[in-house]
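J.: Below you'll find the structure I mean.
Derivation of every value follows stated rules applied to the coordinates shown; laboratory data play no part. The shown structure was predicted, so the numbers you read here are calculated from the model rather than taken from an experiment. Cβ atoms come from the backbone with ideal geometry, glycine included; neighbour counts cover every protein chain shown.
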2 protein chains.
Amino acid sequence: MAEVGARPSPPPPGGLPRLLLPLDRVPPFLPPFLPPSAMTRSRQETLALRKQLIGSSCRLFFPEDPVKIVQATNQYMYDEHGNEYLDCINNVAHVGHCHPEVVKAAHQQNLLLNTNSRYLHDNLVDYAQRLSKTLPEKLCMFYFLNSGSEANDLALRLARQYTKHEDIMVVEHAYHGHLTSLIDISPYKFRNLGGQKEWVHVAPLPDTYRGIYREDHADPALAYANEAKTIIDQAHERGRKFAAFFMESLPSVAGQIIPPFGYFQKVAEHIHKAGGVFVADEIQVGFGRVGKHFWAFQLQGEDFIPDIVTMGKPIGNGHPVACVATTKEIAGAFSSTGVEYFNTFGGNPVSCAIGITVLDVIEKERLQAHALQVGSFLMELLNQQKVKHPLIGDIRGVGLFIGVDLVQNQEKRSPATTEAEFIITRLKEELIMLSTDGPGRNVLKFKPPLCFNARDAKLVVEKLDQILSDLEKRSA
Amino acid sequence: MAEVGARPSPPPPGGLPRLLLPLDRVPPFLPPFLPPSAMTRSRQETLALRKQLIGSSCRLFFPEDPVKIVQATNQYMYDEHGNEYLDCINNVAHVGHCHPEVVKAAHQQNLLLNTNSRYLHDNLVDYAQRLSKTLPEKLCMFYFLNSGSEANDLALRLARQYTKHEDIMVVEHAYHGHLTSLIDISPYKFRNLGGQKEWVHVAPLPDTYRGIYREDHADPALAYANEAKTIIDQAHERGRKFAAFFMESLPSVAGQIIPPFGYFQKVAEHIHKAGGVFVADEIQVGFGRVGKHFWAFQLQGEDFIPDIVTMGKPIGNGHPVACVATTKEIAGAFSSTGVEYFNTFGGNPVSCAIGITVLDVIEKERLQAHALQVGSFLMELLNQQKVKHPLIGDIRGVGLFIGVDLVQNQEKRSPATTEAEFIITRLKEELIMLSTDGPGRNVLKFKPPLCFNARDAKLVVEKLDQILSDLEKRSA
């Protein structure tokens, strides 16, 4: 285990493009030394207890041969033997696993006070003020909660209270959370569970690679938005009324989708005309990940402003925090009922101190610009692979949100599900954590901590190249 | 502010009853010193920013003159001027505000690893194992989440998946959380919002002081359970099918209610016959607060075992954690759908480390026995007041869960709402935090951190005596 505590600086990588930021920089902090005594159980023993005590709906990554992780720092995770894994998927450990400033902020506030928001506290208002500076002026009212699911559920309540309507439109394959109300608006889940409620409407996924309007369409944004409009019109004929259009700014479990530019504006126009609001779910994709902007919805242009934005996952670097930002009008309608909204842990001083520090670190370490540059570099490397490997059908992404869509056939674009599974299993053997997603589970999904660097990008693409070549040799 | 860091030991109280535990013990830890520089805003400035940025549905305690709290330790909170408030209401800071062992556990784990439960980790299984030892053997499967609301929502999903039924019975004035699905099953909320859904059934609150069957009834447990049975029978005639009976083991916002002994067994029999399950909501009342037992449902006797238990608030001493415990059969039905349950932050190593430490502290500091003894002492002192003050209609409680029901008229038992509000406002001026609850907002609600001691009990009852005497003089 000695290497965990005393990992040497990485060798300087060769052949990197000229970049403004030191992409291959040594992580700004080294992992603390882990005394082996902290590990008491073997992996098999932990697994056996888990099977005995934890509901099996809670799945393990690589269930046949799960990984026991005991420590992590930056973009690296360590198993019980001290093996170092490169983490390409943890979008929660946003500024790096166990970032020392975040850990320190939590500890300092934990020593002083952790109570509910029925008392005045500076952290709550400071945090709201800090977040407001990242958002369009209109989004100026804040609610703090404990999870992205809680945030999306509150967004539902806000939208319904404001519009006095019930119906929700979402896009195909969407996932908005694990709560009853969110399973209902998540085709990714309800297609396999209770089915579609009468107040839920599913628009086609604006996927220009595999969707109904593709890259060869003259105006896919307009075409997909018209589909949403048709659904609204048809629902109106049946007397339905829309509270909201709900969408991840970049659909993630749907397969790392980048909606065509201008789609949100057009859909927002339709949903507004129907009396509903636009909810941008930024739970997976906010906080600078997309590089060009702090929020992924901003990729659609300055003329687009959602009515409600929900935030989660990366917001507290692993601490359970979440937030809903909305307009004065919507917040006003919600409070006009006279009914209190109380969230026991939401907006406590510790969660807010952590949230503020995550914003500080993103700024200080210029992680948004870093995500843009490393993401572009990774896209470039991947595109070089696309030329070589017929298994790669599409590479799409922005910043450190990237998908590699694997296909059995370039023409038919049929998902290469088995191959994708094989690749992530092989990568795991190479100590690289990558995952798959999309309805066909054939999209390799990059969403690493933002400190992920060019050296990491080179490593993972080199390994990917080898594995793809092996796969192609086999099938040849 | 010097007194915050260097508060002297309290003087030994006089006239305490003989007790096994040192109820007047000096808190086991002193507050850390707070540098005044940490406080940058005046209370008015914080308040102004809060009004500007935070949805006003998020209410302040004493909205006309809110308190700014900057630090807390044990059962004491400190405002920005260093005034020390006795906290009689924070049931989240269960083992005492900022308990050093809990803070240390959080910090040590935060330094090492905070990631999701898709990797194996000992803390998750250790915590589940520890909790299982506090519960009847049948409740052996665990799910970890971030809030009591998330726990109750999962309980709903589990109950429905297991029974394949939809309907839920709750008791009048119940509150089970802030999510869409839980507002639906909380008469306390839905009576003022969307109204009652067709799948929700409300049984009378088994309140033997103000309910339909009172202390003079021969068998109120049977009578109230029969009411539930009648509702089931009537619903069956309309073709409805019950998934669950959902109830706080001790209804809290309903006014600190102690259900009659044996009620749960009888209701459980009826709901089981109807194909439903019994969900015991222990979010407010679990973890030793009731003194005699670790769980409040155990007050009903050893022959009662719920099918699902939900936990929250005190579980992490302020850290966002929650848990659902259930049977193998219910967990099995939930996983048989093949649909994953993933909760991003739920069951992370930090939350579990904190949860384990809270259990350790309850044990080490014998807080359950302490709650029983201090609670009994407080009840004794309050009962002495009842003889003196006609405003006190009823005193009920168990351990450190106590309600003082104030009435305008002993016969009519009409709620003394204004008087209750006056009392907590006056107590606040005396630096004592107490709150009111119940449909008439006339029940003084004691639910302090479990380190609350006999000296605190004496102090609050002395002040209460003075204020009640003042009130009575005025109206005389």
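J.: With θ set to phi - 60° and the Karplus curve 6.51 cos²θ - 1.76 cosθ + 1.60, what are the ³J(HN,Hα) couplings of the range B:165-171 in order, to the nearest whole Hz, using x for Gly and Pro?
T.: 9, 10, 6, 10, 10, 10, 9
J.: Please report the antiparallel percentage of DSSP beta bridges with both residues in the range A:101-364, rounded to the nearest 5.
T.: That works out to approximately 35 percent antiparallel.
J.: Follow-up question, since we're still on this one. Could you list the GluC sites (Glu not before Pro) in the range B:198-242 that lie in coil according to DSSP, counting only those with at most 10 other Cβ atoms within 10 Å of their Cβ?
T.: B:GLU198, B:GLU215
J.: Give me B:LEU113, A:LEU139 ranked fewest to most by other Cβ atoms within 10 Å of their Cβ, as a rough exposure proxy.
T.: Ascending number of Cβ neighbours within 10 Å: A:LEU139, B:LEU113.
J.: Mind listing the long-range amide H neighbours of B:CYS98? Cut-off is under 5 Å, sequence gap 5 or more, other chains count too, H placed in the peptide plane at 1.01 Å from N.
T.: A:ASN114
J.: Can you give the Kirkwood hydrodynamic radius of the range B:47-127 from its Cα pairs, in Å with one decimal?
T.: Taking the inverse mean of 1/r over all distinct Cα pairs, the range B:47-127 comes out at 16.0 Å.
J.: Still on this structure: Compute the distribution of all C-alpha to C-alpha distances in chain A, in bins of 20 Å from 0, and list the percent of pairs in each, rounded to whole numbers.
T.: Bins of 20 Å from zero give 23, 57, 20, 0 percent of pairs.
J.: Considering only the other residues whose Cβ falls under 11 Å of the Cβ of A:ALA223, what net charge follows from Lys and Arg at +1 and Asp and Glu at -1?
T.: Value of the local net charge: +1.
J.: If you consider only alpha-carbon coordinates, what radius of gyration and Dmax does the protein assembly as shown have, in Å?
T.: 28.1, 100
J.: Now, a different point. Choose one of A:LEU154, A:ILE183, A:GLN256: the residue whose Cα lies farthest towards the positive end of the charge dipole of the range A:139-276 (beta-carbon charges +1 Lys, Arg; -1 Asp, Glu; about the Cα centre).
T.: Among A:LEU154, A:ILE183, A:GLN256, the one farthest towards the positive end of the dipole of the range A:139-276 is A:LEU154.
J.: Same structure, new question: When the helix-only estimate is applied to chain A (DSSP H runs of n ≥ 4, each -39,500 (n - 2.57), divided by the residue count), what is the mean residue ellipticity at 222 nm, nearest 500 deg cm²/dmol?
T.: -11500 deg cm²/dmol
J.: Also: In straight Cα distance, which lysines are under 18 Å from A:LYS273, not counting same-chain residues fewer than 8 positions off?
T.: Output for A:LYS273: A:LYS164, A:LYS229, A:LYS241.
J.: Lysines within cross-link reach of B:LYS445: Cα-Cα under 23 Å, excluding same-chain residues under 8 positions apart?
T.: Straight-distance partners of B:LYS445: B:LYS68, B:LYS189, B:LYS292, B:LYS313, B:LYS386, B:LYS388, B:LYS412, B:LYS428, B:LYS458, B:LYS463.
J.: Straight distance only, please: which aspartates and glutamates reach the Cα of B:LYS328 with their own Cα at less than 13 Å, same-chain residues fewer than 8 apart left out?
T.: B:GLU137, B:ASP307
J.: Tell me, what HN-Hα J-couplings in whole Hz come from the Karplus equation 6.51 cos²θ - 1.76 cosθ + 1.60 at θ = phi - 60° for each residue of the range B:136-142, using x for Gly and Pro?
T.: Values per residue, Gly and Pro as x: x, 3, 4, 8, 10, 10, 10 Hz.
J.: Provide an ascending nm list, one decimal, of label-point separations from B:LYS473 to the equivalent residue in each further copy; define each label point as 7 Å from Cα along Cα→Cβ.
T.: 9.6
J.: Arrange the peptides B:142-153, A:165-176 so that the one whose residues have, on average, the most other Cβ atoms within 10 Å appears first.
T.: B:142-153, A:165-176
J.: Okay, next question. May I ask for the net charge around B:TYR263, where only other residues with Cβ less than 13 Å from the Cβ of B:TYR263 are counted and Lys, Arg are +1 while Asp, Glu are -1?
T.: Around B:TYR263, the charge tally is -4.
J.: Determine the principal axes of the Cα atoms in the range A:101-364, then give the extent along each, sorted from largest to smallest and rounded to whole angstroms.
T.: That works out to 56, 41, 36 Å along the principal axes.
J.: Run through the other copies and list how far each one's label point is from that of B:GLY194, in nm with one decimal, shortest first; the point sits 7 Å from Cα along Cα-Cβ.
T.: Here B:GLY194 shows inter-copy label distances of 1.1 nm.
J.: Where the label is 7 Å out from Cα toward Cβ, how close does A:LYS388 come to the same position in every other copy, in nm, shortest first?
T.: Ordered by increasing distance: 8.7 nm.
J.: If you restrict to DSSP beta bridges whose two residues both lie in the protein assembly as shown, what percentage is antiparallel, to the nearest 5?
T.: Given both bridge residues lie in the protein assembly as shown, the antiparallel proportion sits at roughly 60 percent.
J.: Give me the net charge of B:ALA280's neighbourhood, meaning all other residues with Cβ under 13 Å from the Cβ of B:ALA280; Lys, Arg count +1, Asp, Glu -1.
T.: Neighbour charge sum, excluding B:ALA280 itself: -3.
J.: Can I ask one more? Rounded to the nearest 0.05, what FRET efficiency do A:THR337 and A:GLU64 have when you use their Cβ-Cβ distance and R0 = 35 Å?
T.: E between A:THR337 and A:GLU64, to the nearest 0.05, is 0.10.
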